[in-house]
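What follows is a single structure, written as C-alpha cells, with notes after it.
The values are calculated or read from the model by the stated rules, or taken from the named source; none is laboratory data. Since the structure is predicted, the reported quantities are computational estimates derived from the model, not experimental observations. Reconstructed Cβ throughout: ideal geometry from the backbone, glycine too, with neighbour counts over all protein chains shown.
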C-alpha cells in the first residue's frame, strides 16, 4: 500500500480485510491478529435499552456484527397465558416502555373483535388522542436522540423537558406517567379533565418552538450532516426482504403507514399525508421523524377540535373477572412511532388467553437488518446507525 | 381476497377458512405443503411482507400450531396460514430463504417451544436464554411459578411471614 500523503488521501487498508471462503462466508481467523472482538453493550450510552452488539472489527471497520438480546426477558407472553384478560393489561404495557399505549390498545381491540364488541365514538376519539400523545412523547426522545449520538446533547435535554410536559398531561388524563392502562376492553377509563384542551395547546406551542430549534441544531448543522448523509444506507430492495416498516421504510420512499393503509379508530376522519424521503440514510430517517413530529402535533390539534364534548366512553362488557372470550384468533395492527406494531391473539374460549404474540418492528430492525447494516460501517457510526433504526429491545424478548 | 383464497384452495387444498375481517383470512394447510404455499404466495400473489411467525401449544391435542402471517402491501390484504405439527417430533421445514428475518423467528421458536427447523442459520444458538437446561419455557407444561420458586426463592436470609400471624404478634 502506498504511503499516505495526508489525511485527505487516506484509504482503508483492504489487505487486512477478510477474504471470502468458497462458501461465500468471510474467512475470519481471530488468531491471525487482524481482527478484534468489540462488545458494545449491554449497558452502553449508545445502546437503546439492554442489548449488546458483538462486533468483529478490522482496523476501525466492522466486518461482522451479531445482536445479543436476553438481558431484559421477563416472559410477558407466557405470563399472560396464566392471567385473566383484564389482568394482562398491566403486563402487556411493559412490553415496550417507549410507547406502552399501543399494547393496551391492541389487546383491548383483540378482545373486542373476538367478542364482537363495538366501542362508542367518544372512546374512539379518546383512544386516537392517547395513541398520538404516545407517538408525540416517543418522538420527542427519538428525534433529538439521533443528534445525541453525535454528541449534540442539548437537543436531548430540550426533548426530555418537553416529554415531561406531555407526561404531565398523561398523568392528568390517566393517573399514570409512563404506563397508563387507560384503554380497557369496551372503551377507555375516563373523559378529558376540565381545561385539558387549553393545557394541551400550551404544551404544543412549546413543542412548535422546539421543532424550529431542532431544525438549526440538527438539519442545518454541518456536523450532523457530515455524520449522517450517506451513512447507514438501506437499499430499497431490502424493505420487503428484511421486513422493514415505519419511518425506516418511509425514508427509502415507501409510503406505507398503517394509519392510512388500514385505517383504525378515527384516522380516516383526520387530514394527513404520509411523510417520506428518498435517500434512505440516517439523515433521511431523521427528517422523516421530524416531519412526523410536526404531523403528530397537527393531528392532536385536529383531534382536540373534532372531539365531541360528551358521550359514552365505554360499551357494556361482561364482568371482567369471569369474562370468557369466545374461541378464535385474530391479528390487529397499529402504527407506532417505529412502524407496524401488531398483536396476534388466540383465545380457546377460557378466561385466559391461549396465546398473545407481539409483532414489534425492532424484532427485524435490530437483528437481521442491523447485523447486515453494520458490516463495513466505521465503529464510530455503529451507535448512530442503531439509534436511526429506533430499536426497542424489550419488544424483541417480550 | 376471494380469488386468492380460491387459488390457494385449488392448488394447496387449504381448509378451515375463516374470514376474520374484510382484509384478513385464516387458513389451515398441511405441514408438507406449507412452505410451498408460502413461496407461491410470495412469488405469484404479491404477499411480499412477512408479518410474523409464531407457535401455539395445543398440549391437549399433542400438537403445535405454527402460524405464518403474510401481507400483500399493494392490495392491503393479510393471509394467516396455520399448520399443525406433532409435539413429540416438533420439526418443520425452514422458510429462511424467503425472508431474511425468518431465521430469527425460527431461532426463537427452537429455544422457546423446542420446534426444530433443520438448516436454518444459527438455529441452535441461544437467543434469549443462556445456559437453559429445563424444558422449553413457552410450552404449556412448563410451570413458571414452580420454576421461579425452585430457582429464585427463598433466598438465604429472607423470611416469609403469614400476614395474620405477623400482625397478631406485633399488635399484642
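Take the stretch A:378-398 and flag every residue that is over 28 Å from residue A:75 (Cα atoms) and either touching a helix residue (DSSP H, G or I) at 6+ places or on another chain (Cβ under 6 Å) or in a helix (DSSP H, G or I) (or both).
Let us first name the residues in the stretch A:378-398 that are over 28 Å from residue A:75 (Cα atoms), namely A:378-382, A:384-385.
Once the filter is applied, which keeps residues that are over 28 Å from residue A:75 (Cα atoms) and either touching a helix residue (DSSP H, G or I) at 6+ places or on another chain (Cβ under 6 Å) or in a helix (DSSP H, G or I) (or both), the stretch A:378-398 yields A:379, A:380, A:381, A:382, A:384, A:385.
Just to verify a result, which residue in the stretch A:369-390, among those that are in contact with a strand residue (DSSP E or B) (Cβ under 9 Å, 6 or more places away or on another chain) and closer than 22 Å to residue A:99 by Cβ, is nearest to the other protein chains (Cβ to nearest Cβ)?
Filtering first and then ranking leaves A:370.
Among the listed residues B:74, B:97, B:42, identify the single one that is within 29 Å of residue A:396 (Cα to Cα), out of contact with any helix residue (DSSP H, G or I) (no Cβ under 7 Å at 6 or more places or on another chain) and without any contact (Cβ under 8 Å) to a residue 12 or more places away in the chain. Walk me through how you get there before you give the answer.
Values: B:74 fails: without any contact (Cβ under 8 Å) to a residue 12 or more places away in the chain; B:42 fails: without any contact (Cβ under 8 Å) to a residue 12 or more places away in the chain.
On inspection, the qualifying residue turns out to be B:97.
Is one or more of the residues making up the stretch B:138-156 within 30 Å of residue A:371 (Cα to Cα) and within 14 Å of chain A (Cβ to nearest Cβ)? Reasoning before the result, please.
Of the residues in the stretch B:138-156, the ones within 30 Å of residue A:371 (Cα to Cα) are B:138-139.
Retained after the next criterion (residues that are within 14 Å of chain A (Cβ to nearest Cβ)): B:138-139.
Yes, the stretch B:138-156 contains a residue that is within 30 Å of residue A:371 (Cα to Cα) and within 14 Å of chain A (Cβ to nearest Cβ).
Return the only residue of B:117, B:113 being buried (at least 20 other Cβ atoms within 10 Å of the Cβ), over 15 Å from residue B:69 (Cα atoms), touching a residue at least 24 places away in the same chain (Cβ under 8 Å) and away from chain A (no Cβ under 12 Å).
Values: B:113 fails: away from chain A (no Cβ under 12 Å).
The conditions single out B:117.
Which ranges mark the strands (runs of 3 or more DSSP E) fully within the stretch B:5-59 that have 2 or more residues being over 18 Å from residue B:71 (Cβ atoms) and within 12 Å of chain A (Cβ to nearest Cβ)?
Details: elements: B:15-21, B:24-28, B:49-58.
Strands (runs of 3 or more DSSP E) meeting the threshold: B:49-58.
What residue, of A:349, A:360, is out of contact with any strand residue (DSSP E or B) (no Cβ under 7 Å at 6 or more places or on another chain) and either within 14 Å of chain B (Cβ to nearest Cβ) or modelled with pLDDT of 95 or more (or both)?
On the way: A:360 fails: out of contact with any strand residue (DSSP E or B) (no Cβ under 7 Å at 6 or more places or on another chain).
Answer to the check: A:349.
Across the stretch B:81-94, what is the number of residues that are in a strand (DSSP E or B) and surrounded by fewer than 22 Cβ atoms within 10 Å (Cβ to Cβ)? Let's see the steps before the verdict.
To start, the set of residues in the stretch B:81-94 that are in a strand (DSSP E or B) comprises B:81-86, B:91.
Remaining after also requiring surrounded by fewer than 22 Cβ atoms within 10 Å (Cβ to Cβ): B:82, B:84-86, B:91.
Total satisfying the criteria: 5.
Please note which helices (runs of 4 or more DSSP H) are completely contained in the stretch A:203-270 and include at least 1 residues that are within 14 Å of chain B (Cβ to nearest Cβ) and buried (at least 18 other Cβ atoms within 10 Å of the Cβ).
On the way: elements: A:222-228, A:238-241, A:247-250, A:258-261.
Because the criterion is at least 1 residues that are within 14 Å of chain B (Cβ to nearest Cβ) and buried (at least 18 other Cβ atoms within 10 Å of the Cβ), the helices (runs of 4 or more DSSP H) in the stretch A:203-270 that meet it are A:238-241, A:247-250, A:258-261.
Considering only residues that are surrounded by fewer than 20 Cβ atoms within 10 Å (Cβ to Cβ) and out of contact with any helix residue (DSSP H, G or I) (no Cβ under 6 Å at 6 or more places or on another chain), which ones fall in the stretch B:46-61?
Let us first name the residues in the stretch B:46-61 that are surrounded by fewer than 20 Cβ atoms within 10 Å (Cβ to Cβ), namely B:46, B:48, B:58-61.
Listed by number, the residues that qualify are B:46, B:58, B:59, B:60, B:61.
Restricting to the stretch A:292-331, give me the number of residues that are within 14 Å of another protein chain (Cβ to nearest Cβ) and loosely packed, with under 13 Cβ neighbours inside 10 Å.
Of the residues in that region, 2 qualify.
Residue by residue, here is whether (1) without any contact (Cβ under 8 Å) to a residue 60 or more places away in the chain; (2) surrounded by fewer than 24 Cβ atoms within 10 Å (Cβ to Cβ) holds:
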site	(1), (2)
A:59	yes, yes
A:73	no, yes
A:86	no, yes
A:90	no, yes
A:106	no, no
A:110	no, no
